[in-house]
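Colleague: Please read through the structure below; I'll follow up with questions.
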Amino acid sequence: MRPGGPTKKAALRVAMALAALAVTVALAGCASGIEGPVESNVTKVELEPKASGELVISNWPLYIDKKTIPDFEKATGVSVAYHEDINSNEEFFNKVQPQLSNGESGGRSIMVLADYMVAKMIKLGYLQELNHEALPEVKANLAKNLRHVPFDPERRYSVPWQSGMTGIIVNKAKAPNVHSICDLFNPEYKGKVDFLNEVRETVPLVMKCEGVNLEEATEADWLKAIEKLKEAVSDGQISRFTGNDYAQDLTSGNAVAVMGWSGDAVQLQADNPELEWRMPTEGCMLWSEDMIIPVGAPNPTAAEAFMNYVYKPEVQAQIAAYVNYVTPVEGVQEVLAKTEPEVAENHLIFPPASFTKNCSPTPTLEGEEEKNVIKAFDEVLNG
């Protein structure tokens, strides 16, 4: 969901402090809003004796460092085709759903998507069950508070990739007074703000701006927030709804403030010190994203080999230092502390409980309520 990217030497880079992040990561791990386990009759991965052949991965842009893929290829002999073709969860799902419904993966053996989307795909029978015999590093190093999440209690289908926060990215020189989601509706910034095209992040943040308790949010609350967005589009307040491509608008100056993901800020600051991520006064949204193996995956053995490889702390450390998000792998802090102890000072990397006290996991959306909310939000996006 949320790419960071390479930073200049002076820029802060990621490390991991799972002990300090226990509350945040635990919440992020539950961020699908799915209550209780979900079951589906799907195929379990059948392992070949050794990983080989080609591995096709779909991930978000700039969501991995430059060394991990070639190092994995060298270590295993697997050839990796790595595609940065995910811009938003809904957009990507709509693209691949016709293939998945026919038991085909479009050649992909790994996809990286948000918890709520993974939960949906489990229910639809679109994912293969993992074979944990090939995942000893995951078993040993997965953060304890992410091992048993509501939508996938035994991690039968998913392996966490990264976690993070959704809030506001601003140009301090051009939008110095934007601190609240409500500030994005200020006419002073008309035509210069972007909102995310993720219904489960954008609408809840607007509801928080309106003072709604997300744990008690009704369908009427969701629809009222969507109506507010509709009006902001009609009067030209909102420039557009984006996925990760909001970075282009910030860089070009087409936007002075956007709803944005925490890890992006470090890379953006490296190129423009005036850009920064801000915790909304109402609090942020917490999320996690997971590696999954879709039905019809042509090389699940190589997929599991990759999942296992990136859970080695020394490998995850180089990923974490690049993407600027919270890593789910224990032991990374110790690896990075030797060379980059200053990263522990960055609240975007190590948000203490006091920093995220007003943040929320993604609210539940299911059944008719989900259909009605998505229909109304899609009308705003496409209206």
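Colleague: In the stretch 309-332, what residues are assigned to a helix (DSSP H, G or I), within 22 Å of H148 (Cα to Cα) and either hydrophobic (A, V, I, L, M, F, W, C) or over 20 Å from the mean Cα position of the chain (by Cα) (or both)?
Modeller: Y309, P313, V332, listed by residue number.
Colleague: Please enumerate the residues belonging to the stretch 74-90 that are surrounded by fewer than 15 Cβ atoms within 10 Å (Cβ to Cβ) and aliphatic (A, V, I, L, M).
Modeller: A75, A81
Colleague: If V258 satisfies every condition in (1) out of contact with any helix residue (DSSP H, G or I) (no Cβ under 6 Å at 6 or more places or on another chain); (2) under 12 Å from I169 (Cα atoms) but one, which is the exception?
Modeller: Of the numbered conditions (1) out of contact with any helix residue (DSSP H, G or I) (no Cβ under 6 Å at 6 or more places or on another chain); (2) under 12 Å from I169 (Cα atoms), the odd one out for V258 is (1).
Colleague: In the stretch 130-145, is there at least one residue being at pLDDT below 95 and farther than 23 Å from Q316 by Cβ?
Modeller: The answer is no; no qualifying residue exists.
Colleague: Kindly evaluate N299 against the criterion of being at positive phi, surrounded by 21 or more Cβ atoms within 10 Å (Cβ to Cβ) and in the same structural domain as K139 (by TED's automatic domain parsing).
Modeller: No; evaluated as a whole, the condition is false for this residue.
Colleague: A further question follows. Would you point out the residue of the stretch 197-212, among those that are of a type outside the set (D, E, K, R) and assigned to a helix (DSSP H, G or I), that is surrounded by the fewest Cβ atoms within 10 Å (Cβ to Cβ)?
Modeller: C209
Colleague: Which residues, counting only those in the stretch 224-251, are among the hydrophobic types (A, V, I, L, M, F, W, C), crowded, with 18+ Cβ neighbours inside 10 Å, part of a helix (DSSP H, G or I) and in contact with a strand residue (DSSP E or B) (Cβ under 9 Å, 6 or more places away or on another chain)?
Modeller: L229, A232, A247, L250
Colleague: For the stretch 44-77, give me each residue that is farther than 19 Å from P160 by Cα and among the aliphatic types (A, V, I, L, M).
Modeller: Scanning the stretch 44-77 gives L47, A51, A75.
Colleague: Something else now. Checking P49 against (1) farther than 22 Å from D245 by Cβ; (2) outside any helix (DSSP H, G or I); (3) touching a residue at least 24 places away in the same chain (Cβ under 8 Å), which single condition isn't satisfied?
Modeller: The number of the failed condition is (3).
Colleague: What about A317, is it surrounded by 24 or more Cβ atoms within 10 Å (Cβ to Cβ) and over 14 Å from D65 (Cα atoms)?
Modeller: no
Colleague: With the requirement that a residue be in a helix (DSSP H, G or I), in contact with a helix residue (DSSP H, G or I) (Cβ under 9 Å, 6 or more places away or on another chain) and modelled with pLDDT of 85 or more, what does the stretch 338-369 give you?
Modeller: Once the filter is applied, which keeps residues that are in a helix (DSSP H, G or I), in contact with a helix residue (DSSP H, G or I) (Cβ under 9 Å, 6 or more places away or on another chain) and modelled with pLDDT of 85 or more, the stretch 338-369 yields E368, E369.
Colleague: Pick from K228, K172, K144: which is touching an Asp or Glu at 6+ places or on another chain (Cβ under 9 Å), of a type in the set (K, R) and free of Cβ contacts under 8 Å to residues at least 60 places away in the same chain?
Modeller: After applying the criteria, what remains is K228.
Colleague: Given the criterion at pLDDT below 95 and either surrounded by 24 or more Cβ atoms within 10 Å (Cβ to Cβ) or assigned by TED's automatic domain parsing to the domain that holds P176 (or both), identify the matching residue among D194, D264, D221.
Modeller: D264
The values are calculated or read from the model by the stated rules, or taken from the named source; none is laboratory data. Everything quoted here is computed from the prediction, not taken from an experiment. When we count neighbours, we look across all protein chains shown, and the Cβ atoms used for this are built from the backbone with ideal geometry, even at glycine.
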